[in-house]
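The values are calculated or read from the model by the stated rules, or taken from the named source; none is laboratory data. Everything numeric here is computed off the predicted structure, so don't read it as measured data. Note that each Cβ is placed from the backbone with ideal geometry, even for glycine, and that neighbours are counted across all protein chains shown.
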Amino acid sequence: MYDYDAIVIGAGLGGLSSAAILQKNGFRTLVCENTGQVGGCCSSMDVQGYRFDIGASIVEMSFVIDELFAKLGKRTSDYIDFMPIDPIYGFVTEDGEKFSYPVDVNGTREVIARFSEEDARNWDRFVKVGSEAINKAFGQVMAKPMYTLKDMMKVAMTSPALVKYLPYMIKNFEMVLTSFFKDEKVRSSMSLQSYFLGLPPALCPGYVVFLAYSEHEGIFYPRGGMIGIPQGIARAFEDFGGEIRFNTRVRKVLTEGKRVTGVELADGTKLTSRIVVSDINARTLYLDLIGRENIPSWAAKAMETFPVSIPAPMIMLGLDTEPDLPGHHTFCYTNLKEMNRIWFEDYLNGRIPSGGFMLISWPSHADPSMAPEGHHCLNLVTFAPYKLAEGDWDSIKERYLEDTLDMMERYFHLNLRDHITVARVNTPYDLERQLLHPCGAVYGLQNDFFSTAMFRPRMRSRVFQGLYLAGASVHLGGGVPTTVGSGVCVGGLVEEDFG
Ligand SMILES: Cc1cc2nc3c(=O)[nH]c(=O)nc-3n(C[C@H](O)[C@H](O)[C@H](O)COP(=O)(O)OP(=O)(O)OC[C@H]3O[C@@H](n4cnc5c(N)ncnc54)[C@H](O)[C@@H]3O)c2cc1C
């Protein structure tokens, strides 16, 4: 007799989504979460009356969340209160120019036409191709595994358009983007999406370009902060009788021969189960929680070849005024060439760039309850190396805040300093300590061509029977829809194997 049918390590989106499906399908499921709340990188924290999101700031392709709730026989709207966000982004350039892309594709066309008539026509073509690529090809595989030839054949049968769009998986982001658009400003405004995978345009897989279209099908923010999404999924899980233990760290996955038998907690308690689902970094799972000595050498070598993704330090600001920003999301951005240079010359050499780009999200614009009356909260996010050439993140924390505020003034003419009532810096070290993400990695493992989809660690372990992986390290990588999709996939795989 086992203590549980299934134990899920981590209450991130992938873990909770798989847990909800397992519990609904009759598997007695326990979720063990190291922190005191659900959501991991998609959660929020309260500081002096402000609520700051810890990671994700927006959801697109929310149809994957609807697909999860449909599988649970429930409606998303009964669990999560999504608000549509419009415009999608405002932009501030280094020369002080400001503009926005609205959700309406024709509205965005008008903005593009101000820069280039030719690219306005190219936008029409991009919308047509992007719509088909998202709705008939890539969107179809969000909640379907795609690792083996059999998986691929199955997917190709149900989504033949995927075959047509495969070249976009082989080309890089920059090649695809520049094949559509000619104007430097238009190109730059759509190159930011590559960093949504934590990679520069020159390294990011080409299909990611179509996010610049999919956002026009709607982007959403949950009332009460991003934590509203995992809280909604957790409530559905608990409605089916599922159990979550907070402040419960798993330190070992227990195995016997070629199958898993449960987990050992940090306090030494052993809990048995015939199924273990991991929602943590796949390297940590195999190399530390199971242990290098307990897996075949090919598996250890394979895991070591996966670089972890780049971290994203975040500055959280409480303000006593309304900021002069266009809406929920503002990108302070630079050109395409510079975005590649920042990666190859700064990040890879341990340097934090002095200019460049930054995403500012303004949650209290959509939901005033996120800040005290008359006040607002902002999150400033960019990427930066984990290992610094000079100093370390603990010692430069204050300087990082000051340098970033200087940069916002110098490059982007945004003076926030005079109105700050609360300032917090969440460095890569903090994320590592809080969520146990190795090197503060935001998207689990790096998401380049050689570590995406079929090249990523598998959701159904090839090493141990009963072991499944969800979350940012597997499937299509980091992101709200992709990690929810990974949980849906794991639910299906367990049903195939044990149902
Ligand atoms: C700064 C930032 C901005 C982002 N912006 C966006 C965005 O705007 N839109 C978008 O779609 N995506 C965004 N993402 C990505 C998205 O938030 C993540 O990819 C997704 O939430 C990760 O889900 P996950 O299932 O991998 O779990 P995670 O969020 O990684 O959660 C894993 C959980 O496991 C717990 N845990 C770890 N080790 C153990 C252990 N040993 N025992 C028990 N529990 C453990 C952790 O505490 C954590 O709660 C962003 C991410 C970051 C960091």
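Numbers at a glance
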item	result
Extreme residue, nearest to the ligand (Cβ to nearest atom), among residues of region 65-84 that are in a helix (DSSP H, G or I) and buried (at least 23 other Cβ atoms within 10 Å of the Cβ)	ILE65
Candidates CYS377, CYS332 - the one that is assigned to a strand (DSSP E or B), modelled with pLDDT under 95 and either crowded, with 19+ Cβ neighbours inside 10 Å or touching a Cys at 6+ places or on another chain (Cβ under 9 Å) (or both)	CYS332
Residue match in region 242-262 (condition: among the charged types (D, E, K, R), surrounded by fewer than 13 Cβ atoms within 10 Å (Cβ to Cβ) and part of a loop (DSSP other than H, G, I, E, B))	yes
Residues that are within 10 Å of the ligand (Cβ to nearest atom), among the hydroxyl-bearing types (Ser, Thr, Tyr) and in contact with a Pro (Cβ under 7 Å, 6 or more places away or on another chain), drawn from region 444-498	SER473
Filter result (part of a strand (DSSP E or B), away from the ligand (no atom under 11 Å from the Cβ) and in contact with a helix residue (DSSP H, G or I) (Cβ under 8 Å, 6 or more places away or on another chain)) within region 21-51	THR29, TYR50, ARG51
Of residues in region 417-437 being more than 16 Å from the ligand (Cβ to nearest atom) and free of Cβ contacts under 8 Å to residues at least 24 places away in the same chain, the one nearest to the chain's Cα centre (by Cα)	ARG417
Selected residue [surrounded by fewer than 18 Cβ atoms within 10 Å (Cβ to Cβ), touching a residue at least 60 places away in the same chain (Cβ under 8 Å) and more than 20 Å from ARG51 (Cα to Cα)] from GLY350, GLY355, GLY327, GLY391	GLY355
Enumeration of residues in region 142-163 that are more than 26 Å from the chain's Cα centre (by Cα), closer than 19 Å to LEU493 by Cβ and of a type outside the set (A, V, I, L, M, F, W, C)	LYS150, LYS154, THR158
Residue count for region 266-304, restricted to those that are surrounded by fewer than 19 Cβ atoms within 10 Å (Cβ to Cβ), within 14 Å of the ligand (Cβ to nearest atom) and closer than 10 Å to ILE7 by Cβ	0
Residue that is farthest from PHE220 (Cα to Cα), among those in region 98-141 that are modelled with pLDDT under 95 and touching a strand residue (DSSP E or B) at 6+ places or on another chain (Cβ under 8 Å)	LYS98
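Okay, residues lined up against (1) within 30 Å of PHE27 (Cβ to Cβ); (2) in contact with a Leu (Cβ under 7 Å, 6 or more places away or on another chain); (3) modelled with pLDDT under 95; (4) in a helix (DSSP H, G or I):
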{"position": "VAL425", "(1), (2), (3), (4)": "no, yes, no, no"}
{"position": "TYR468", "(1), (2), (3), (4)": "yes, yes, no, no"}
{"position": "SER486", "(1), (2), (3), (4)": "yes, no, no, yes"}
{"position": "LEU493", "(1), (2), (3), (4)": "yes, no, no, yes"}
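Results for (1) within 19 Å of PHE63 (Cα to Cα); (2) part of a helix (DSSP H, G or I), shown as yes or no for each residue.
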residue: ALA113; (1), (2): no, yes
residue: ARG121; (1), (2): no, yes
residue: GLY130; (1), (2): yes, yes
residue: ALA133; (1), (2): yes, yes
residue: PHE138; (1), (2): yes, yes
residue: TYR147; (1), (2): no, no
residue: LEU177; (1), (2): no, yes
residue: GLN193; (1), (2): no, yes
residue: LEU203; (1), (2): no, no
